[in-house]
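Readers should treat all values here as calculations from the given coordinates under stated rules, not as data from a laboratory. Bear in mind the structure is a predicted one, so any value in this text is a computation, not a measurement. Neighbour counts are summed over all protein chains in view; Cβ atoms, including those assigned to glycine, are modelled from backbone coordinates with ideal geometry.
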Amino acid sequence: MPLDRSITVRAPAKVNLQLTVGGRRSDGYHELASVFLAVSLFDRVTVTPAEQLGVTLSGPTSGGVPADASNLAAQAVELLAEVSGAEPAVHVHIDKHIPVQGGMAGGSADAAGALVACNTLWNLGMSRHDLASLAAELGSDVPFGVLGGAAFGSGRGERLTPLTVGTTHHWVFATAAFGMSTPEVFAATESGRRNAGLPWAADAVPSPRMSRRLVDALAGDDSHALAETLVNDLEPVVTRLRPELAATLATGRGAGALAGIVCGSGATVGFLAPDRHRAQAVAEALRASGTCAAARIAHGPVQGPEPEETDTTGETP
Ligand code: C5P
């Protein structure tokens, strides 16, 4: 393999349109009914043959992200090498733009991007489906990172069924100056149930189900109809842990968003807008309000990571 060959992918973030949380299983994970939408906030992941596995980072959201073997993208390289018999001798560069600890699966996107990129670099010829199955070993959100588009996720979120989306939806994502820890948010959800005397174990809580209303609205072409169906069971827990996010939600809704929703386990807040123009206006209102660190517009669905080949001059052949 020529040492001057690199593969780059754009790996998209996700927003959960539905996140319904069931009980805790004996392995510690919660049963979920989740509708994922891939949106146009991207990290760029580049893999290049090297003496040994290494990670470097750049980009506006790279602060505090580990540049070593603990990075989920490095773990993805090791896993794919192990199952394919390839040597994990690649350098992974991640140009980060997706919020970190933001509930948008940025680390999972990087891992998914590394799987897709190494599959091409090493000429493995694995299908998306096979890569997505392998991805579940890395984290609950990594399989969706491999697929992109829109999908329903069951189990702990990793068992995916692709969904039809009738139109492009326009979003604003308000990032926070702080991050949320996903395990802490799930743990707080569970202790809230225990304290209220509610069932919390998976065998005592009904299995969460896909929202038919939401999936039907997603297949249609009306963002207003979709806005009425968005649901995130983690949102009340996240806003209790971080009450300042209530002001972010109120600002975006007051500025003309059709709906505002905490992304996954937070801390990013997503707003669905009627069109791109009004998304810009909501983003401007959010920036002016001081209720978030940054506000970025995006659209979805977008496809999962697609490989682009470059040589050392940086040109796409
Ligand atoms: O799968 P992943 O490693 O991304 O999950 C991170 C953490 O989030 C888990 O260790 C768990 O605490 C929590 N989680 C959960 N139930 C899920 C997914 C994640 O409790 N379905």
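Laid out as a table, the results:
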| read-out | value |
| --- | --- |
| Nearest-ten-degree value, helix 182-195 long axis tilted from longest Cα axis of the chain | 30 degrees |
| Dipole-positive endmost among 192, 303, 22 within the chain (Cβ charges, Cα centre) | 192 |
| C-alpha long axis of helix 72-84 to longest principal axis of the chain, angle in ° | 50 degrees |
| Relative contact order (percent, whole number), the chain, Cα cutoff 8 Å, 6+ residue spacing | 26 percent |
| Efficiency of FRET between residue 212 and residue 58 - r from beta-carbon atoms, R0 41 angstrom, step 0.05 | 0.45 |
| Of 249, 219, 239, farthest towards positive along the dipole that unit charges on Lys, Arg, Asp, Glu beta carbons give the range 208-259 | 239 |
| Neighbour-count ranking [beta-carbon atoms within 10 angstrom, fewest first] of 36, 152 | 152, 36 |
| Sites residue 4 and residue 127, calculated FRET efficiency, Cβ-Cβ separation with R0 41 Å, nearest 0.05 | 0.90 |
| Overall form of the range 156-275 per C-alpha gyration tensor (a/c, 1.5; a/b vs b/c) | oblate |
| Rounded, prolate or oblate (a/c below 1.5 giving rounded, otherwise prolate when a/b exceeds b/c) for the chain by Cα gyration tensor | prolate |
| Protection proxy ranking of 77-84, 183-190, 10-17 - average other beta-carbon atoms within 10 Å, highest first | 10-17, 77-84, 183-190 |
| Residue order, fewest to most beta carbons within 10 Å, for 25, 44 | 25, 44 |
| Sum of side-chain charges, residue 116 neighbourhood, beta-carbon under 14 Å (Lys, Arg +1; Asp, Glu -1) | -3 |
| Shape category assigned to the range 47-148 from the gyration tensor of Cα positions, a/c cut at 1.5 | oblate |
| Distance between the range 181-242 and the range 45-116 - C-alpha centres, whole angstrom | 29 Å |
| Rounded to 10°, Cα long-axis angle of helix 106-121 versus longest principal axis of the chain | 30 degrees |
| Added length on full extension, which subtracts the Cα-Cα distance from 0.36 nm per residue, residue 196 to residue 224 | 6.7 nm |
| Spacing of the two label points (7 Å from each Cα toward its C-beta) at residue 247 and residue 276, in nm | 3.2 nm |
| Ranking of 238, 142, 302 by count of other Cβ atoms within 10 Å, fewest first | 302, 238, 142 |
| Segment residue 310-residue 181, length gained on full extension (0.36 nm per residue, minus Cα span) | 42.9 nm |
